[in-house]
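Working notes, beginning with the structure itself.
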Amino acid sequence: MNIILLGPPGAGKGTQAQRLQHERGMVQLSTGDMLRAAVASGSELGKKAKAVMERGELVSDELMIRLIEDRIAQPDAAKGFILDGFPRTEAQAEALDRMLAAKGAKLDRVIEMAVDEAALTERIVGRFTCAKCGTGYHDKFKRPKVEGVCEVCGSREFTRRKDDNIETVKTRMAAYKAQTAPLLPYYSAEGVLRKVDGMTGMDEVYRQITAALAGT
Ligand code: AP5
């Protein structure tokens, strides 16, 4: 099964994609995580993406399409994947259609994570991640069970994203509205779009997503 989680920054795409990966064995393909890994490694892609990401703008379609094309070609993606952060523009959506058609594959569902914009800044600014295994946490909504210790791998090191600040969130939100939200009518017309209420608790959002995937 191939699905897209689509929603604004902080909607919960990464949170739900991680859970789908753990519980259903689907592969999470997060373009944000791939870019952050490229920045950390100092690769050519990372050098090109770093400043753009820190401003909250979108990395070029050309780079993103090449990145996801290479990733989808890996053997683990053949069983199906969850796209988290891609596509974000019309050009990326068209490229994805071409990639899937070339593999004889299709898109089974696009899950729109509908959220109240006012809540997103709080979600984003409070977010932190285990530096070792990448498990996501939140100052208010999801603290580790033992304070200061990752409940998945036991690490005591956590990181916060550079683009998780109020100013950058405004730019990221504007990019979502201008370039990504216009994809929703396209996927609706294709009959694959399902909307979930991203303002409910994480377990309820997950329940709604799995219900939307049933029967695919
Ligand atoms: P990316 O990493 O994709 O960031 P984003 O889309 O802004 O999304 P976030 O990761 O901020 O949010 P999320 O929806 O995953 O929320 P999360 O689950 O963490 O992209 C970063 C940058 O990379 C972009 O700005 C761009 O520069 C570049 N980029 C990436 N892909 C690109 C592309 N295709 N084209 C061009 N450029 C690209 O949740 C947020 C917080 O809320 C967490 O702390 C979580 O614990 C909490 N939370 C989650 N769900 C709930 C809930 N139901 N209730 C309460 N709290 C919740």
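The values are calculated or read from the model by the stated rules, or taken from the named source; none is laboratory data. Because the structure is a prediction, the values reported are computed rather than measured. Here Cβ is always computed from backbone atoms with ideal geometry, including for glycine, and neighbour counts include all displayed protein chains. With ligands, DNA and RNA removed, areas are computed over all heavy atoms of the protein, side chains included. Shrake-Rupley method; radii C 1.70, N 1.55, O 1.52, S 1.80 Å.
Here are the numbers:
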quantity	calculated
Listed residues Phe86, Pro75, Thr129: farthest to the positive end of the dipole of region 55-198 (Cβ charges)	Thr129
Surface share of carbon and sulfur [accessible, 1.4 angstrom probe, percent] for the chain	52 percent
Net charge of neighbours whose Cβ lies under 13 Å from the Cβ of Gly42, counting Lys and Arg as +1 and Asp and Glu as -1	+3
Relative contact order for region 91-161, counting Cα pairs under 8 Å that sit 6 or more residues apart, in percent	23 percent
Dipole of the chain, positive end: most advanced residue of Met99, Tyr186, Met199 [Cβ charges, Cα centre]	Met199
Three-way shape label, the chain, alpha-carbon gyration tensor, a/c 1.5	rounded
Nearest-10 value in Å² for the accessible area of Val146, using the 1.4 Å probe	90 Å²
Lysines with Cα under 26 Å of Lys103, excluding same-chain neighbours fewer than 8 positions away	Lys13, Lys79
Unit charges on C-beta of K, R, D, E only; dipole of region 27-122, Debye	440 debye
Charge dipole magnitude, Cβ of K and R +1, D and E -1 - the chain, Cα centre, debye nearest 20	400 debye
Accessible area (Å², per residue) of the chain, counting only protein heavy atoms and a probe of 1.4 Å	51 Å²
Per residue, the convex hull volume that the Cα atoms of region 170-216 enclose (Å³)	82 Å³
The chain: relative contact order in percent, alpha carbon pairs under 8 Å with at least 6 residues between	29 percent
Region 127-211: relative contact order as a whole-number percent, Cα under 8 Å and 6+ apart	19 percent
Rounded, prolate or oblate (a/c below 1.5 giving rounded, otherwise prolate when a/b exceeds b/c) for region 1-65 by Cα gyration tensor	prolate
Three-way shape call for region 1-127 based on the alpha-carbon gyration tensor, with the a/c threshold at 1.5	oblate
Dipole in debye (nearest 20) - region 153-216, about Cα centre, beta carbon charges: Lys, Arg +1; Asp, Glu -1	160 debye
